[in-house]
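Novice: Structure below; questions to follow.
The values are calculated or read from the model by the stated rules, or taken from the named source; none is laboratory data. Model, not experiment: these values are computed from the prediction. Here the Cβ positions follow ideal geometry from the backbone for every residue, glycine too, while neighbour counts run over all protein chains shown. The protein model used for the area step is the full one, side chains on, heavy atoms only, and it has no ligands, DNA or RNA in it. Shrake-Rupley method; radii C 1.70, N 1.55, O 1.52, S 1.80 Å.
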Amino acid sequence: MVQNKLNKKGRCMNIGNCSKANAKEIIEVGIGEDFICPECGGQLVEVKKINVLPYIIGGVVVVALVVAGIVWGPQVINDFKTEEKTVVEPDTVEQVEQVTEAAPEQTVDESTAEYKDIPVETAPVVSVQNGQGTIDFGYAKYEGSISNGKANGLGKLTYTQSRRISKRDTRNRVAVPGDYIEGSFEDNEPVTVKWYGSDKKLKGAVMIGSNGL
């Protein structure tokens, strides 16, 4: 029997109540007719024919590419490596052998590393002998209370060179340019101060006793 291409095809989903649904039978219904099961009257679900030709063609192309890769791939790679090879002259080899590997760069934590104080070449420059003023130590500048030409009382010391915060600091903490300490001073030495970085973030507290802390 020749199938009418204008017919619609469907399946009845009324499984258990319809023999055509149980058999998964494909039912053809003419265009313009109700798209229902002739046995139970249930609505049919249209079955569309899937064109598998594009999938078959695609599969053939993929297989062909895989086969070509297996056959020609190693040769292409070898040809590429051959082109990269260069002839090295004897004198060039000698120069390469003389190159020594550079030592890995070492990083040092400046805040706790051992550090020798930078000698002060000139005497501190004091703005006043007593009162509020400034003292330029060369490595840092002090602003605050001054007594007998020295930093005594509350003040702030801003560093322009790397330097150990105090000779009596047993932890040998080192301030770097831009750091500053604020707190109490005695005879140009910090006693109880807070230590800040150039970004104004607290780096620690420094409390210097008679033997350092």
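Novice: Evaluate the following for Thr160: is it closer than 25 Å to Lys203 by Cβ, at pLDDT 95 or above and in contact with an Asp or Glu (Cβ under 6 Å, 6 or more places away or on another chain)?
Specialist: No.
Novice: Follow-up question, since we're still on this one. Does any residue of region 75-83 turn out to be at pLDDT below 75 and assigned to a loop (DSSP other than H, G, I, E, B)?
Specialist: No, the conditions are met nowhere in region 75-83.
Novice: Name, by its number, the condition in (1) outside any strand (DSSP E or B); (2) under 47 Å from the mean Cα position of the chain (by Cα) that does not hold for Gln129.
Specialist: The single condition Gln129 does not satisfy is (2).
Novice: Can you report the number of residues in region 162-183 which are of a type in the set (Gly, Ala, Ser) and either open to solvent by 90 Å² or more (accessible area, probe 1.4 Å) or part of a loop (DSSP other than H, G, I, E, B) (or both)?
Specialist: Looking only at that region, the number is 3.
Novice: Here's another thing I want to ask about it. Scan region 184-207 residue by residue and report those that are open to solvent by less than 30 Å² (accessible area, probe 1.4 Å) and over 19 Å from Pro124 (Cβ atoms).
Specialist: Matches in region 184-207: Trp195, Gly197, Gly204, Val206.
Novice: Return only the number of the condition from (1) open to solvent by less than 40 Å² (accessible area, probe 1.4 Å); (2) under 40 Å from the mean Cα position of the chain (by Cα); (3) touching a residue at least 24 places away in the same chain (Cβ under 8 Å) that Tyr159 does not satisfy.
Specialist: (3)
Novice: Checking the conditions here, which among Gln95, Gln3, Gln106 is in contact with an Asp or Glu (Cβ under 9 Å, 6 or more places away or on another chain) and modelled with pLDDT under 55?
Specialist: Unique residue meeting the criteria: Gln3.
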